[in-house]
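Trainee: The structure's right below; bear with me while I get my questions together.
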Protein chains: 2
Amino acid sequence: MRFISEQRLDDGVLEREFTLGEIPGTLWTPGSAAPAPLILMAHNNGLPKSASRLVARARLSAAAGYAVASIDARGCGDRPRSADEERARADFRRAMQAGDPADEVFESFIGPLVEKAAPDWRTALDALLALPGIGGPVGYSGWTALGIRLATLEPRIAAAGFFAGGYVPRAQREQAPQVAIPLLLLLQWDDEGNPRQRALDLFDAFGSTEKTLHANLGGHLGTPWFEREDGDRFFGRHLR
Amino acid sequence: MRFISEQRLDDGVLEREFTLGEIPGTLWTPGSAAPAPLILMAHNNGLPKSASRLVARARLSAAAGYAVASIDARGCGDRPRSADEERARADFRRAMQAGDPADEVFESFIGPLVEKAAPDWRTALDALLALPGIGGPVGYSGWTALGIRLATLEPRIAAAGFFAGGYVPRAQREQAPQVAIPLLLLLQWDDEGNPRQRALDLFDAFGSTEKTLHANLGGHLGTPWFEREDGDRFFGRHLR
């Protein structure tokens with residue numbers, strides 16, 4: 001892991017860009033020197049780690065005492081893509097914008113993306129846990145489908161917060177009963193891109209004995225600010 | 001309002017029994033002298049204010065800085081009941097224990113109970129807000145049906161946390177769209193006495209623009225401890 005830039009924010013959080021082989025990443029760590037539990041934070045559907053909403057969440061969680069890391073995994077964010085991957089991504093965007101049935105195109109785009117992304121996140125996890133001042137157990141926050149995949153592969157992930165969950169590839173819907181760690185599923189009640197009943201069915205399907213659902217009125221981008229703090233409190237119960 | 005006994009608890013909370021005409025009540029206030037926002041706390045379906053789970057919740061919320069009050073309204077708790085009321089209550093208990101369809105007996109028992117209880121809660125609210133050190137705005141916590149009724153009658157109630165909501169009398173289901181204050185609906189995902197879909201439908205029906213649903217795995221009595229703290233945080237956003 002090679003750090004290529006760093007920035008100290010007003011609240012003491014240190015924000016560092018790194019590369020790990022071909023994987024670009026960002027690590028946010030709290031100002032204090034005490035060892036911090038790690039949260040892996042992934043944006044839905046492979047959106048870039050530099051997206052402003054993800055960066056804002058990561059900075060606030062770091063200010064609250066967590067080490068937070070995000071990467072652009074293979075096929076995600078600004079990583080180079082094959083012509084096939086570009087086509088699938090464009091089809092997906094078109095279908096979502098047009099409000100067309102997106103199940104098939106979603107399956108053909110997001111299904112492989114999750115499978116390809118998971119190994120990069122595990123590589124990053126190895127490297128992150130080898131850094132001084134970053135401890136386990138590890139939390140995961142964000143993209144539901146990737147989180148399900150990682151939770152089934154990665155015993156070091158002790159708790160996970162998932163967002164939305166209306167569209168999840170078939171493979172991950174089938175893996176949901178294998179997920180046994182404490183979960184917080186956050187959904188927007190009127191999410192235009194995530195059918196509510198599917199998200200409720202997914203919540204029902206998880207194998208965890210400790211799972212909590214938070215739903216708020218409003219559309220996909222309307223999550224109220226206090227849910228970020230609730231997420232930190234959830235991780236506080238399981239990672240500290 | 002006449003205080004008839006008082007007890008200072010270890011954490012400084014003052015617990016006082018009072019009577020207000022025929023209404024018996026309990027008031028919990030924090031140890032600090034600062035004015036405290038008031039939470040009216042009602043147990044589901046008219047169960048007594050002395051029930052241990054309600055008392056435990058009230059004491060913890062008082063320790064967190066709220067004034068908390070509960071009463072046995074007319075027909076509720078240990079208040080005297082007519083032979084008809086006793087019969088309806090016994091029928092209801094029998095139906096619930098036998099797992100029989102409880103809608104009709106529920107309607108005939110809880111519907112009138114809500115209507116009779118609401119005026120006593122408003123009388124108590126007048127008296128409580130006249131006490132020194134107790135401020136508005138006012139929160140409501142607990143019994144869903146009574147809370148809906150009070151929210152439609154009582155502009156001083158600024159936010160409400162409801163529990164369960166699977167069985168709610170027809171009148172209150174019809175009033176749900178009139179409820180416009182911020183809400184936190186807490187439900188147990190596998191509540192044996194509260195059909196899940198009805199609770200979700202009720203959440204959907206509320207007229208509030210700010211409403212949050214918290215659901216946790218487990219049966220009626222399995223609400224995790226952290227939800228009480230989440231409730232205090234919800235009231236903290238709206239009453240302070």
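Trainee: Percent antiparallel among DSSP beta bridges with both residues in the range A:19-151, to the nearest 5? Mind dumping the intermediate values first?
Mentor: Numbers: 6 of 16 bridges.
That works out to approximately 40 percent antiparallel.
Trainee: When each copy gets a label point 7 Å from Cα toward the beta-carbon at A:HIS220, what are the spacings between them in nm, shortest first?
Mentor: Spacings between copies for this position, smallest first, are 4.1 nm.
Trainee: If you don't mind, another one. Under unit Cβ charges (Lys, Arg +1; Asp, Glu -1), what dipole magnitude, rounded to 20 debye, does the protein assembly as shown have relative to its Cα centre? Present the calculation step by step, with values, prior to reporting the outcome.
Mentor: Details: 54 positive and 62 negative charges, 147 e Å.
My answer is approximately 700 debye.
Trainee: How crowded by other chains is A:204-216, given as the mean number of beta carbons from other chains within 10 Å of each beta carbon? Intermediate values should be presented prior to the final figure.
Mentor: Values: counts 5, 0, 1, 0, 1, 2, 4, 5, 9, 7, 5, 9, 4.
Whole-number average of other-chain Cβ neighbours for A:204-216 is 4.
Trainee: Rounded to the nearest 5, what % of DSSP beta bridges with both residues in the protein assembly as shown are antiparallel? Please list the in-between numbers first.
Mentor: Working: 39 of 91 bridges.
In the protein assembly as shown, DSSP labels about 45 percent of beta bridges as antiparallel.
Trainee: Then there is this: Provide B:TRP189, B:TRP28 in ascending order of the number of other Cβ atoms located within 10 Å of each residue's Cβ, fewest first. Don't skip to the end; give the middle numbers.
Mentor: Numbers: B:TRP189 18, B:TRP28 26.
The order, fewest Cβ neighbours first, is B:TRP189, B:TRP28.
Trainee: Provide the FRET efficiency to the nearest 0.05 for the A:GLU104-B:LEU47 pair, computing r from the beta carbons and using R0 = 45 Å. All intermediate terms of the calculation are to be shown ahead of the outcome.
Mentor: Working: r = 52 Å, r/R0 = 1.15.
It comes to 0.30.
Trainee: Please arrange B:VAL13, A:VAL68 by counting, for each residue, the other beta carbons lying within 10 Å of its beta carbon, fewest first.
Mentor: Working: B:VAL13 20, A:VAL68 29.
Taking fewest neighbouring Cβ atoms as first place, the list is B:VAL13, A:VAL68.
Trainee: If I take R0 = 22 Å and measure r between the Cβ atoms of B:GLN7 and B:ALA33 in this structure, what FRET efficiency does the formula 1/(1 + (r/R0)^6) give, to the nearest 0.05?
Mentor: Values: r = 18 Å, r/R0 = 0.83.
It comes to 0.75.
Trainee: Give me the distance between the Cα centres of the range B:167-240 and the range B:57-126, rounded to whole Å.
Mentor: Using only Cα atoms, the two centres lie 18 Å from each other.
Trainee: Angle check, please: helix B:226-239 long axis (alpha carbons) against the longest principal axis of chain B (alpha carbons), in degrees 0 to 90, nearest 10.
Mentor: Between the helix axis and the principal axis of chain B, the angle is about 70 degrees.
Trainee: Let me ask something additional. Considering chain A as a Gaussian network with a 10 Å cut-off on Cα pairs, which listed residue, A:LEU40, A:LEU146, A:LEU217, attains the greatest mean-square fluctuation?
Mentor: Result for chain A, Cα springs under 10 Å: A:LEU217 fluctuates most.
Trainee: Out of every Cα pair in the range B:166-240, what percent are spaced more than 16 Å from each other? List each step's numbers first, then the result.
Mentor: Values: 1473 of 2775 pairs.
Result for the distance tail: 53 percent.
Trainee: How much of the pair distance distribution for the range A:2-239 lies past 34 Å, counting alpha-carbon pairs only, in percent? Show your work: numbers first, answer last.
Mentor: Values: 2906 of 28203 pairs.
So the portion of pairs separated by more than 34 Å is 10 percent.
Trainee: Follow-up. Can you put A:MET1, A:MET41 in order of Cβ neighbours within 10 angstrom, beginning with the fewest? Walk me through the numbers on the way to the answer.
Mentor: On the way: A:MET1 17, A:MET41 24.
Listed from fewest to most nearby Cβ atoms, that is A:MET1, A:MET41.
Trainee: Can you give the calculated 222 nm mean residue ellipticity of chain A, where each DSSP H run of n ≥ 4 adds -39,500 (n - 2.57) and the sum is split over every residue, rounded to the nearest 500 deg cm²/dmol? List each step's numbers first, then the result.
Mentor: Numbers: 7 runs with 95 residues, N = 240.
So the calculated ellipticity at 222 nm is -12500 deg cm²/dmol.
Trainee: Hey, got the dipole for the range A:136-204? About the Cα centre, +1 on K and R Cβ, -1 on D and E Cβ, debye to the nearest 20? Write down the numbers at each step before the final one.
Mentor: Details: 6 positive and 7 negative charges, 45 e Å.
Computed charge dipole of the range A:136-204: roughly 220 debye.
Trainee: So, one more: Kindly give the semi-axes, whole Å and largest first, of the ellipsoid equivalent to the protein assembly as shown, taking each as the square root of 5 times a Cα gyration tensor eigenvalue. Working shown, then result.
Mentor: Details: eigenvalues 433, 137, 63 Å².
Gyration-tensor ellipsoid for the protein assembly as shown: 47, 26, 18 Å.
Trainee: Same structure, new question: Return the lysines within reach of B:LYS49: Cα separation strictly under 19 angstrom, same-chain partners fewer than 8 residues apart disregarded; answer none if there are no such residues.
Mentor: B:LYS116
Trainee: Specify which residue in the list A:ALA160, A:SER141, A:LEU129 is farthest towards the positive end of the charge dipole of the range A:98-193, using unit charges on the beta carbon of Lys, Arg (+1) and Asp, Glu (-1), about the Cα centre.
Mentor: A:LEU129
Trainee: Find, among the residues of chain B, the one whose Cβ sits nearest the axis of the rotation taking B to A; state the distance in whole Å.
Mentor: Of all Cβ atoms in chain B, the one nearest the axis gives B:HIS214, 3.
Trainee: Tell me the distances, shortest first, between B:SER52 and the same position across the other copies, using label points 7 Å along Cα→Cβ, in nm to one decimal.
Mentor: 5.4
Trainee: Would you kindly work out, in nm and rounded to one decimal, the distances from the label point of A:ASP201 to those of the same position in each other copy, ordered shortest first, with label points 7 Å along Cα-to-Cβ?
Mentor: 2.0
Trainee: For chain A, what proportion of DSSP beta bridges, expressed in % and rounded to the nearest 5, is antiparallel?
Mentor: Values: 17 of 43 bridges.
Beta bridges within chain A, antiparallel portion: roughly 40 percent.
Just so you know, all these numbers are worked out from the coordinates, no wet-lab data involved. Being a predicted model, the structure only gives us computed values, none of them experimental. Virtual Cβ from ideal backbone geometry, glycine too; neighbours counted across all protein chains shown.
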